[in-house]
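First up is the structure itself, then whatever we jot down about it.
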Amino acid sequence: MTDLSRRISFALIGFGRFGKHHANILNHHPNVTVDAICETDPIAFQQAKNEFPDAKIYKEPLNMLQEIEVDAVTVVSPEDTHAEIVLAALNSGLHVFCEKPLATKLSDAKHLANLALERKLKLRVGYILRYEPRHRVLKQHISSYKLGELARIRAKRDISRSWFEAYGYRVHSAYETLIHDIDLILWLSQQRCQSVSAWGGYLLGYEVPETLVMVLEMDKGTICTLESSWLLPSGTPANIFGWEDSSDAGKGVVDATLEVIGTKGSGFLKTYEPSLTINDATGSYNPDLAFWPQIDGRTAGALREEIWDFVQELIGESHAQVDSLDDSIHVQEICEAAIESEKSGKKINIT
């Protein structure tokens, strides 16, 4: 039973599409109060004021962190702002939940992890797939050796072209898409990566590749292939809504699969399972039911499990213990090696 006497005061940085989900989840936890929100967009800023009238609403995150008195902060801002904000939060003595990636430079990520350990503060990075039930069951089968020694892991993640043109180009695709699959490989295999080879495609003319293929060689012999593209056309049946906003204008597709092949068995998982199909005047679509579905005004699914699990740890209660700050840093090492390999055309060894 949850101890309702233990209260956790949260600040939220970012009240955009995903930040609103964070706010909804935190607001419905019996041990949490959302006491401060930071949002730079004027429309979202006003929405935060309307939806959280008792919270202090700010436009600048570093000023907010200097003024507020809270226990923890959740960071849901653009990727290239994470390192600076997390650093300020840790220096303010706050526990931090940060959406992936922790930073876009490996040196920054290592510094933040070391700082959190030195100050005995909780620092989590949002790798949501570790909290999704099918991935958890697959992990159990691997851990119990039902699949034997892992020989191959294949991951594919294809995404709407319109999303790349709207925001995906802001950061290298290693950090935006395949970073989830890299984290899964580390978690499922419990291995470290020895080398990375990567190839990128620049058919859309941006400074970062819209297509990326990676090969990871793991320290116990598992070979992992990962591939992604941001080229799915607008006519593809949608499974994600409100990626950039809360209307149907933000709908699009994440077509992701994972295959694990061992010496005794194999497993296959389609990340966004199209178990529900809706046909209406706008076309056919498959609403996501696993990760952050909205049900009766509440955000549910794996995102809720992930954030509530962080709260459970903060209040000293039993939690899943599937997160790993060490893995988060190794994910960054792999991403940085992939970017170097993709640019140089050479295999990059990780020591």
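The values are calculated or read from the model by the stated rules, or taken from the named source; none is laboratory data. Remember, predicted model here, so these are calculated numbers, not experimental data. Because the Cβ atoms are built from the backbone with ideal geometry, glycine has one as well, and the counts that use them run over all protein chains shown.
Counting only residues that are exposed (fewer than 15 other Cβ atoms within 10 Å of the Cβ) and among the hydroxyl-bearing types (Ser, Thr, Tyr), which one in the range 267-286 is nearest to Thr177 (Cα to Cα)?
Ser275
Considering Thr74, Thr81, which residue is of a type in the set (S, T, N, Q) and surrounded by 22 or more Cβ atoms within 10 Å (Cβ to Cβ)?
None of the others qualify; the one that does is Thr74.
Looking for whichever is outside the structural domain of Glu99 (by TED's automatic domain parsing), of a type in the set (Gly, Ala, Ser) and over 30 Å from Thr81 (Cβ atoms) here; the options are Ala151, Ala166, Ala174. Which one fits?
Being outside the structural domain of Glu99 (by TED's automatic domain parsing), of a type in the set (Gly, Ala, Ser) and over 30 Å from Thr81 (Cβ atoms) holds for just one of Ala151, Ala166, Ala174, which is Ala151.
So that you can scan it fast, the table gives a plain yes or no per residue for (1) in contact (Cβ under 8 Å) with a residue 60 or more places away in the chain; (2) touching a strand residue (DSSP E or B) at 6+ places or on another chain (Cβ under 8 Å); (3) part of a strand (DSSP E or B):
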residue: Gln191; (1), (2), (3): no, yes, no
residue: Ser197; (1), (2), (3): yes, yes, yes
residue: Val213; (1), (2), (3): no, yes, yes
residue: Lys220; (1), (2), (3): yes, yes, no
residue: Trp230; (1), (2), (3): yes, yes, yes
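Can you work out which of the residues in the range 291-333 that are crowded, with 20+ Cβ neighbours inside 10 Å and in contact with a Gly (Cβ under 7 Å, 6 or more places away or on another chain) is nearest to Gln191 (Cα to Cα)?
Glu306
Considering only the range 126-154, state which residues are part of a strand (DSSP E or B) and touching a Gly at 6+ places or on another chain (Cβ under 9 Å).
Of everything in the range 126-154, those that are part of a strand (DSSP E or B) and touching a Gly at 6+ places or on another chain (Cβ under 9 Å) turn out to be Leu150, Ala151, Arg152.
Residues checked against (1) surrounded by fewer than 20 Cβ atoms within 10 Å (Cβ to Cβ); (2) closer than 23 Å to Ile334 by Cα:
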position	(1), (2)
Leu94	no, no
Pro101	no, yes
Lys120	yes, no
Gly126	no, yes
Leu129	no, yes
Pro133	yes, no
Glu149	yes, yes
Asp158	yes, yes
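Restricting the range 212-235 to residues that are out of contact with any Asp or Glu (no Cβ under 9 Å at 6 or more places or on another chain) and over 16 Å from Ser162 (Cα atoms), which is surrounded by the most Cβ atoms within 10 Å (Cβ to Cβ)?
Going through the qualifying residues, I end up with Leu216.
Looking for whichever is closer than 24 Å to Glu99 by Cβ and modelled with pLDDT of 95 or more here; the options are Ala337, Ala249. Which one fits?
Ala337
Just to be sure, is Glu165 among the acidic types (Asp, Glu) and either exposed (fewer than 15 other Cβ atoms within 10 Å of the Cβ) or touching a Leu at 6+ places or on another chain (Cβ under 6 Å) (or both)?
Answer is yes for this residue.
Matching residues to (1) of a type outside the set (Phe, Trp, Tyr); (2) under 22 Å from Val86 (Cβ atoms); (3) out of contact with any Phe, Trp or Tyr (no Cβ under 9 Å at 6 or more places or on another chain):
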position: Pro293; (1), (2), (3): yes, no, yes
position: Asp296; (1), (2), (3): yes, no, yes
position: Gly301; (1), (2), (3): yes, no, no
position: Asp309; (1), (2), (3): yes, yes, no
position: Leu314; (1), (2), (3): yes, yes, yes
position: Val331; (1), (2), (3): yes, yes, no
position: Cys335; (1), (2), (3): yes, yes, no
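Of the conditions (1) in contact with a Lys or Arg (Cβ under 9 Å, 6 or more places away or on another chain); (2) within 24 Å of Ala103 (Cα to Cα); (3) free of Cβ contacts under 8 Å to residues at least 40 places away in the same chain, Gly201 satisfies every one except a single condition; which number is it?
Of the numbered conditions (1) in contact with a Lys or Arg (Cβ under 9 Å, 6 or more places away or on another chain); (2) within 24 Å of Ala103 (Cα to Cα); (3) free of Cβ contacts under 8 Å to residues at least 40 places away in the same chain, the odd one out for Gly201 is (1).
Please give the number of the condition Leu258 fails out of (1) modelled with pLDDT of 95 or more; (2) over 20 Å from the mean Cα position of the chain (by Cα).
Every condition holds for Leu258 apart from (2).
Is it the case that some residue within the range 200-211 is in the same structural domain as Glu342 (by TED's automatic domain parsing), closer than 30 Å to Gln294 by Cβ, out of contact with any Asp or Glu (no Cβ under 6 Å at 6 or more places or on another chain) and not in a strand (DSSP E or B)?
Yes - at least one qualifying residue is present in the range 200-211.
Quick check on Ser341: is it hydroxyl-bearing (Ser, Thr, Tyr) and closer than 30 Å to Lys20 by Cβ?
Criteria not met by Ser341.
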